[in-house]
1. Identify, by number, the condition in (1) modelled with pLDDT under 90; (2) open to solvent by 60 Å² or more (accessible area, probe 1.4 Å); (3) assigned to a loop (DSSP other than H, G, I, E, B) that residue 126 doesn't meet.
2. Looking at (1) under 24 Å from residue 13 (Cβ atoms); (2) open to solvent by 40 Å² or more (accessible area, probe 1.4 Å), find the lone condition where residue 116 falls short.
3. From the list 71, 32, 47, 36, pick out the single residue that is acidic (Asp, Glu) and modelled with pLDDT under 90.
4. Cβ-Cβ below 9 Å, separation at least six or inter-chain, first residue in the stretch 55-68 and of a type in the set (D, E, K, R), second at pLDDT 95 or above and not in a helix (DSSP H, G or I): which pairs?
5. Could you tell me whether the stretch 47-60 includes any residue that is farther than 19 Å from residue 91 by Cα, touching a helix residue (DSSP H, G or I) at 6+ places or on another chain (Cβ under 9 Å) and β-branched (Val, Ile, Thr)?
6. In the stretch 5-28, which residue that is modelled with pLDDT of 60 or more and in a loop (DSSP other than H, G, I, E, B) is most open to solvent (accessible area, probe 1.4 Å)?
Amino acid sequence: MSLPGGCAIGTRPVDLHIKGLQRLGAVVELREGYIEARAPKGLRGAEIAFPAVSVGATENLLMAAALAEGETLLINAAREPEITDLANCLVAMGAQIDGIGSDRLRIVGVPRLHGATHSIIPDRIETGTYIMAAAATDGEVRLTGNPPRPRRQCGAHSRWRRCRGLGDDGWARRAPAAPTASTGSTS
């Protein structure tokens with residue numbers, strides 16, 4: 001796999017991914033801008049304490065640990081909704097994961113995963129972007145399939161634009177303007 005580039009929010013270091021895979025028994029080599037990871041003897045469970053929270057490293061090591069032999073403990077794991085969703089998908093596929101939703105994940109590797117039907121959660125950043133677009137244009141947008149918590153978070157952060165966020169009906173609308181004080185009139 002090629003090394004990632006930067007993005008608008010900065011570089012994307014992969015050191016936690018590499019160190020975690022090595023702890024699981026992978027042999028990792030960097031060559032000409034590419035990462036090559038092999039596990040000639042298979043992956044083995046290990047305790048991995050992240051020095052900093054990393055969504056991507058948590059995702060990669062969660063997936064690797066699901067098929068590693070033995071028990072893996074991920075400490076200081078990311079707790080974003082996407083991690084919970086991935087863990088739930090893996091469980092539906094036969095993985096054994098405890099601590100879902102916490103910063104401490106215990107994974108007991110299984111020999112194989114099987115197929116499953118799973119609906120992935122909507123992206124929180126995209127949801128917020130659409131809500132803000134509706135607020136900025138005095139418009140409205142209907143977003144369906146968004147769980148309540150991210151909807152409320154987006155709405156809470158958009159109050160400066162008087163946007164109500166997503167209601168239970170999935171609509172994001174600008175809230176009515178607050179009444180202004182009358183300056184009085186003379187007749």
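1. All conditions pass for residue 126, except number (3).
2. Failing condition for residue 116: (1).
3. Details: 71 fails: modelled with pLDDT under 90; 47 fails: modelled with pLDDT under 90; 36 fails: modelled with pLDDT under 90.
None of the others qualify; the one that does is 32.
4. Short answer, once both residue conditions are applied: 59/78.
5. Within the stretch 47-60, the subset farther than 19 Å from residue 91 by Cα is 47-54.
Restricting the remaining residues to those that are touching a helix residue (DSSP H, G or I) at 6+ places or on another chain (Cβ under 9 Å) gives 47-48, 50-52, 54.
Cutting the leftovers down to β-branched (Val, Ile, Thr) gives us 48.
Yes, some residue in the stretch 47-60 is farther than 19 Å from residue 91 by Cα, touching a helix residue (DSSP H, G or I) at 6+ places or on another chain (Cβ under 9 Å) and β-branched (Val, Ile, Thr).
6. Initially, the stretch 5-28 is screened for residues modelled with pLDDT of 60 or more, giving 12-28.
From what's left, in a loop (DSSP other than H, G, I, E, B): 12-14, 24-26.
Details: 12: 120, 13: 92, 14: 30, 24: 1, 25: 21, 26: 13 Å².
Per the stated criteria, the residue is 12.
The values are calculated or read from the model by the stated rules, or taken from the named source; none is laboratory data. Since the structure is predicted, the reported quantities are computational estimates derived from the model, not experimental observations. All Cβ positions, even for glycine, are placed from backbone atoms using ideal geometry, and neighbour counts span all protein chains on display. The area values use the complete protein model at the heavy-atom level, side chains included, leaving out ligands, DNA and RNA. Shrake-Rupley method; radii C 1.70, N 1.55, O 1.52, S 1.80 Å.
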